[in-house]
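Report on one structure; see the data block that follows.
The values are calculated or read from the model by the stated rules, or taken from the named source; none is laboratory data. Since the structure is predicted, the reported quantities are computational estimates derived from the model, not experimental observations. Glycine also receives a Cβ, built like all others from the backbone with ideal geometry; neighbour counts cover every protein chain displayed. Just so you know, the surface numbers come from the protein's heavy atoms only, side chains and all, with ligands and any DNA or RNA stripped out. Shrake-Rupley method; radii C 1.70, N 1.55, O 1.52, S 1.80 Å.
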Amino acid sequence: MIVLENLTVRFGGLVALDAISAGFAAPVSGIIGPNGAGKTTTMNVISGFLSPVAGQVLVDGTDLLTLPPHRRTRWGLRRSFQREQIADDLTVWENLLAITDNLRLGRREARAEAEQAMEFAGVAVIRDKAGAALNTFERRLTDLARCVAGGPKLIMLDEPAGGLSPEETGRLGDLILRIGEVSGARVLVIDHDVDLIQRICAQTLVLDFGRRIALGPTAEVLDDPAVK
């Protein structure tokens, strides 16, 4: 269970998150809203890039806000960004090792985790391809592999379908739906592609101007007049 309690963020006089409370029990949940609604700010708080003035983030009883960012990673937090964090001068394999080699794993276990993540994301066939040579879809898949490597407990995906074709988005959605069964991790997804959100997210939180507008089963939320 992912629980946000009274999450509040201010930038000077601007309230970016206004006492947001929400609970996510589904394997894959979504956060949607217009630009500037507070979606990425929420992810930045959970991952440790921002500190709130109030609130808690509880995942299965662990308050992530009490852990420094590097310990959140070792605990099992992974995230992607709107712009993929792929090192252009490293191969796909080396990009995976950059994650697993920094976890508390033995060398053999770290490499096994990287192998499994590549197989899951379908990038094992391009393992020796440099990051600079990857197309957009290959970069997205490599980014997803980085997120599922090393026993994650919570994966956050920020605009994972950005720049993808409908076919590629469908394939990515299939992979996201399988994350829970292969790793047990819960997933939070931000995306402007409402069709993708409706397909893969059982629950959805809607934010606008830093306030909670709606939360619940995705179909019901998208049918809410306030959300429309």
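Placing +1 on the Cβ of every Lys and Arg and -1 on the Cβ of every Asp and Glu, with nothing else charged, gives the chain a dipole about its Cα centre of roughly 660 debye.
Counting only lysines at least 8 places from LYS39 when in the same chain, those with an alpha carbon closer than 18 Å to its own are LYS228. Helix 166-183 versus the longest principal axis of the chain: what is the Cα-based angle in degrees, 0 to 90, to the nearest 10? Roughly 90 degrees, rounded to the nearest 10. Running Debye on the chain with equal point scatterers at the Cα sites and no solvent, what base-10 log of I(q)/I(0) appears at q = 0.10, 0.16 Å⁻¹? Here the Debye-derived log intensity ratios amount to -0.44, -1.12. Dividing the Cα radius of gyration of the range 7-117 by its Kirkwood radius returns 1.02 for Rg/Rh.
Ranked from largest to smallest solvent-accessible area, with a 1.4 Å probe on the protein heavy atoms, LYS129, LYS228 come out as LYS228, LYS129. Protein heavy-atom accessible surface, 1.4 Å probe, per residue over the range 21-145: 46 Å².
DSSP beta bridges confined to the chain are antiparallel in about 55 percent of cases.
Give me the net charge of ILE31's neighbourhood, meaning all other residues with Cβ under 14 Å from the Cβ of ILE31; Lys, Arg count +1, Asp, Glu -1. It works out to a net charge of 0.
Would you mind working out the magnitude of the charge dipole of the range 47-144 relative to its Cα centre, with +1 at each Lys and Arg C-beta and -1 at each Asp and Glu C-beta, to the nearest 20 Debye? It would help to have the intermediate numbers written out before the result.
Numbers: 14 positive and 14 negative charges, 47 e Å.
Roughly 220 debye, rounded to the nearest 20.
How large is the convex hull of the C-alpha atoms of the range 52-168 per residue, in Å³? Don't skip to the answer; put the middle values down first.
On the way: hull volume 14.8 nm³, N = 117.
Value for the range 52-168: 126 Å³ per residue.
Working value for the range 139-206: equivalent-ellipsoid semi-axes of 18, 14, 10 Å, each the square root of 5 times a Cα gyration tensor eigenvalue, largest first.
In summary, the range 110-149 shows an alpha-carbon radius of gyration equal to 1.04 times the 2.2 N^0.38 Å reference for compact globular proteins. The Rg/Rh ratio for the range 99-212, using Cα coordinates for both the radius of gyration and the Kirkwood hydrodynamic radius, is 0.99. On the chain, 49 percent of the accessible area sits on carbon and sulfur atoms, based on a 1.4 Å probe. Largest GNM mean-square fluctuation across ARG139, ARG127, ARG108, computed for the chain with C-alpha springs under 10 Å, falls on ARG108. Here the range 1-55 has an Rg and Dmax of 11.1, 36 Å, counting Cα atoms alone.
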